[in-house]
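To start, the structure under review is shown below, and the notes come after it.
The values are calculated or read from the model by the stated rules, or taken from the named source; none is laboratory data. Keep in mind that what you see is a predicted model, and the values were worked out from it rather than measured. Here the Cβ positions follow ideal geometry from the backbone for every residue, glycine too, while neighbour counts run over all protein chains shown.
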Ligand code: ZN
């Protein structure tokens, strides 16, 4: 086969073991990243980026606290070393070292003894899921607090409690990672994920792992598009990147936010704000062709970083390809979104879908039929003898040739032809390659 990223085509269509092995490696990276206490700033982000750097050559940027970023400012940097609640017998009833979810993320430092009533004002639980610890944050209003299972909360008795949060909230930096892979074209595909959640797997370690492995694959390819990978804190990170890189934004033609890609649910695509962009059509086509259940939802202005990329001043063609959408599984933002909640098989399947999307984006070109008056004589060019027409597959190949010749008038991309003909994109692409080699087609974009 000729054409761009042929090896990706082989990887996703010919060797199932490849994807299973990659799923296992993606899972191993999640296990490595799981214990780190991440937030929107701080050492947890740096430690995470250092691990990603072992896989792909990201560039790390540090933006000082107070820097003006669009309508926002880079916040103070948060770091934490320890936190606990001790009861009056000195026993630790909540211990940050056992789970970083126990601390309200971005808690200000505190060390004092308090009574039960005051303590309860700073405790957060999930009465509906009494064994789980919720994940909560207080980034933009200074507060402190602990999160714990409701069952434990109900056992608290009157008395004096020692609370310690050994954290710092001071001037520092916001840190993010970026990888740019130069392709033939200056036009870019943006692939973004966030790295600000502590020990949570589907939301968000699965997205980090998927983009790390996707980047490692694309680094080995000759690409048509240039690819920009972002590993950023959610919301404030995308606002920072957009603010510092406004001159690059117009080069972004397509994009996806990767999140919640490791659970056992079926795939969900959240469309870009435009709703009918090429990325929207390509992802929908890949999901439809997969033959497995999927959902497509229209853009809405809450969610992840697509909110910023699709804000009206940028209006980028960025959607989000997920499995079960954030907020739609009970484990979301709780201690139950752990390493058992994600599976290597589903991580590998999500990566395969991303590769299929990229394969089509890379190859979705427009051609012009150079012999448009009547059908060109295929037999004279060896195309009938080459493809036979004896087997059913051969008939499909002839049909594909005829569709490509007929619709290659400059107004239809290969994806348009695949959709209209009902043939698979790979058959249409194969037919276009053959006709191009026989000088019957000219690439026009
Ligand atoms: Zn989240």
Original post:
Hey, among the residues in segment 135-149 that are assigned to a strand (DSSP E or B) and within 16 Å of the ligand (Cβ to nearest atom), which one's surrounded by the fewest Cβ atoms within 10 Å (Cβ to Cβ)?
Top reply: 137
Original post:
If a residue has to be within 28 Å of the chain's Cα centre (by Cα) and assigned to a helix (DSSP H, G or I) to count, how many in segment 99-120 make the cut?
Top reply: 3
Subject >> Residue list for segment 56-98, restricted to those being loosely packed, with under 15 Cβ neighbours inside 10 Å and under 23 Å from the mean Cα position of the chain (by Cα) >> reply: 57, 59, 62
**OP:** Output the number of residues of segment 286-323 satisfying the condition of being surrounded by 23 or more Cβ atoms within 10 Å (Cβ to Cβ) and over 24 Å from residue 364 (Cα atoms).
**Re:** 4
**OP:** Take the residues in segment 185-213 that are away from the ligand (no atom under 16 Å from the Cβ) and touching a residue at least 60 places away in the same chain (Cβ under 8 Å), then tell me which one is surrounded by the most Cβ atoms within 10 Å (Cβ to Cβ).
**Re:** 189
**OP:** State all residues of segment 150-190 that are assigned to a strand (DSSP E or B) and closer than 19 Å to residue 236 by Cβ; if no residue qualifies, say none.
**Re:** 167, 168, 169, 170, 173, 174, 175, 176, 177, 178, 190
**OP:** Taking residue 283 as the residue in question, decide whether it is touching a strand residue (DSSP E or B) at 6+ places or on another chain (Cβ under 7 Å) and either surrounded by fewer than 19 Cβ atoms within 10 Å (Cβ to Cβ) or part of a loop (DSSP other than H, G, I, E, B) (or both).
**Re:** no
**OP:** Please state which of the following conditions residue 257 fails to meet, knowing it meets all the rest: (1) assigned to a loop (DSSP other than H, G, I, E, B); (2) within 16 Å of the ligand (Cβ to nearest atom).
**Re:** (1)
Subject >> Among the residues listed as 259, 292, the single one being over 18 Å from the mean Cα position of the chain (by Cα), closer than 27 Å to residue 341 by Cβ and modelled with pLDDT of 95 or more >> reply: 292
**OP:** Quick one: which residue in 306, 356 is within 27 Å of residue 217 (Cβ to Cβ), within 16 Å of the ligand (Cβ to nearest atom) and modelled with pLDDT of 95 or more?
**Re:** 306
